[in-house]
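The values are calculated or read from the model by the stated rules, or taken from the named source; none is laboratory data. No experiment lies behind these values; they were computed from the predicted model shown. With ideal geometry, Cβ positions are generated from the backbone for all residues, glycine too; neighbour counts draw on all protein chains shown.
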Amino acid sequence: MNPLEKVELGKSGLKVTRLGVGGTPLGGLYRDISEDAASATVEHALALGLNLFDTAPLYGSGKSETRMGRVFAKHPRSSFVVATKVGFALVPIDPKSNENIFFPFDNAPPLRPANDYSYDGAMRSVEQSMERLQVDHLDIVHIHDPVGLFDDAMKGSFRALRKLREQGVIKAVSAAMNQVEMLIRFAHEGEFDCFLLALRHTLLEHHAFKELLPLCTEKKISLIIGAPYSSGILATGAVPGAKFCYLDPPPEIMERVRQIEAVCYDHGVPLKAASLQFTLCHPAIATVIPGGGSVAEVEENFRMLSWPIPAELWTALQRRGLLPQVELRFP
């Protein structure tokens, strides 16, 4: 598979490489990295020819965007496609508060994320993201994980992003979710160019096949796949300390990964290669954005997507009940 093949995102006119770079590690997910390592990671991805970079204000309270922006400022604007998100405002942390939120970013600025899917909130968020990213326009803006807040997102964030698309400030309107149900609803009720689906289209989870993928094909909405390694276990294998959806995996997931590893071993394919390439198994899926936290990680993701995989591997996984009985169509 060619990581540098470019495909159009929906009807946006944007063309992105099959492999992109997810920006959570640049925000210090679980552990921070140095400024030099962050810059080198983005520079190396650009040097390889990758052009899609996905980030968000949430990732390290703006740190991921800022780190990308320092590199982007040195390169022609046409050399990269940048995606960021709206829906989480960054507000000062009250030192007197005992509020406990799930925010697994190390060494972040003294800001915390707060849900804000309002029209004005989206407008402010876009302006602030452009400042951090040092760009005069954004390519893709996702509505970021509005779980249980569909109406707020449509009346506020979507309306703002649609307006900005009309004005040429952004080129593509999207939603980013860790579930398929709300993306299906967004596809029916809004004019979206693409969606970012994280965690739910992997070798372990196949929720998109039944309705979302056919619907996106019908609506000409492209899918971007995030977290292809299920936050770790599909890269490391079933080893102690592996993470599944950011948590410790239950025994049945560990066993399922062991079975997948065995099939991969029999066919001479690294688990990481199979995990990454599986995500691109449908025409509605344009690209995949594993996290890139080092030059070595970006290099390895490039190599894994390029790894030759025999069709017999997918057949063997289906025969053993580890993949659904659906047609898999790869680029």
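Residues considered: L213, L204. Of these, the only one that is over 14 Å from the mean Cα position of the chain (by Cα), at pLDDT 95 or above, in a loop (DSSP other than H, G, I, E, B) and of a type in the set (A, V, I, L, M) is L204.
Within region 115-125, the only residue that satisfies the criterion of being among the hydrophobic types (A, V, I, L, M, F, W, C) and surrounded by fewer than 22 Cβ atoms within 10 Å (Cβ to Cβ) is M123. Taking the listed residues F209, F195, the one that is in contact (Cβ under 8 Å) with a residue 60 or more places away in the chain, in contact with a strand residue (DSSP E or B) (Cβ under 9 Å, 6 or more places away or on another chain) and either among the aromatic types (F, W, Y) or over 20 Å from F88 (Cβ atoms) (or both) is F209, with no other qualifying. The residues of region 247-280 that are within 13 Å of A316 (Cβ to Cβ), assigned to a loop (DSSP other than H, G, I, E, B) and touching a residue at least 12 places away in the same chain (Cβ under 8 Å), listed by number, are H267, V269.
Mind counting the residues in region 81-90 that are in contact with an Asp or Glu (Cβ under 9 Å, 6 or more places away or on another chain) and surrounded by fewer than 23 Cβ atoms within 10 Å (Cβ to Cβ)? Result for region 81-90: 2. When the test is whether a residue is out of contact with any strand residue (DSSP E or B) (no Cβ under 8 Å at 6 or more places or on another chain) and of a type in the set (V, I, T), I184 passes it.
Suppose we keep only residues that are in a helix (DSSP H, G or I) and not basic (K, R) within region 216-232. Which one would you say is farthest from I260 (Cα to Cα)? Across region 216-232, the extreme among qualifying residues is E218. Filtered by the rule that a residue be over 30 Å from K219 (Cβ atoms), part of a loop (DSSP other than H, G, I, E, B) and not hydroxyl-bearing (S, T, Y), region 285-321 gives G293, W307, P308, P310, R320, G321.
A single member of P250, P310, P331, P324 is over 30 Å from K63 (Cβ atoms), modelled with pLDDT under 95 and surrounded by fewer than 21 Cβ atoms within 10 Å (Cβ to Cβ), and it is P331.
A residue that is surrounded by fewer than 19 Cβ atoms within 10 Å (Cβ to Cβ), modelled with pLDDT under 95 and in contact with a helix residue (DSSP H, G or I) (Cβ under 9 Å, 6 or more places away or on another chain) cannot be found anywhere in region 268-289.
Taking L9, is it at pLDDT below 95 and either surrounded by 16 or more Cβ atoms within 10 Å (Cβ to Cβ) or among the β-branched types (V, I, T) (or both)? Taking the combined requirement at face value, the residue does not satisfy it. The strands (runs of 3 or more DSSP E) found wholly in region 13-103 and carrying at least 2 residues that are more than 30 Å from F330 (Cα to Cα) occupy 88-92.
Residues that are among the small types (G, A, S), without any contact (Cβ under 8 Å) to a residue 12 or more places away in the chain and surrounded by fewer than 22 Cβ atoms within 10 Å (Cβ to Cβ) do not occur anywhere in region 55-76.
Checking each residue in region 178-196 for being closer than 15 Å to G10 by Cα and not in a helix (DSSP H, G or I) picks out G190, E191, F192, D193, C194, F195, L196.
Give region 141-177 a look and list any residue that's in a helix (DSSP H, G or I) and touching a residue at least 60 places away in the same chain (Cβ under 8 Å), or say none. Within region 141-177, A153, S157, A160, L161 meet the criteria.
Of all residues in region 188-227, those satisfying the criterion of being closer than 20 Å to M254 by Cβ, buried (at least 21 other Cβ atoms within 10 Å of the Cβ) and out of contact with any Phe, Trp or Tyr (no Cβ under 8 Å at 6 or more places or on another chain) are L199, R200, A227. Looking only at residues of region 19-43 that are in contact with an Asp or Glu (Cβ under 7 Å, 6 or more places away or on another chain) and surrounded by fewer than 24 Cβ atoms within 10 Å (Cβ to Cβ), we find that the one that is modelled with the lowest pLDDT is Y30.
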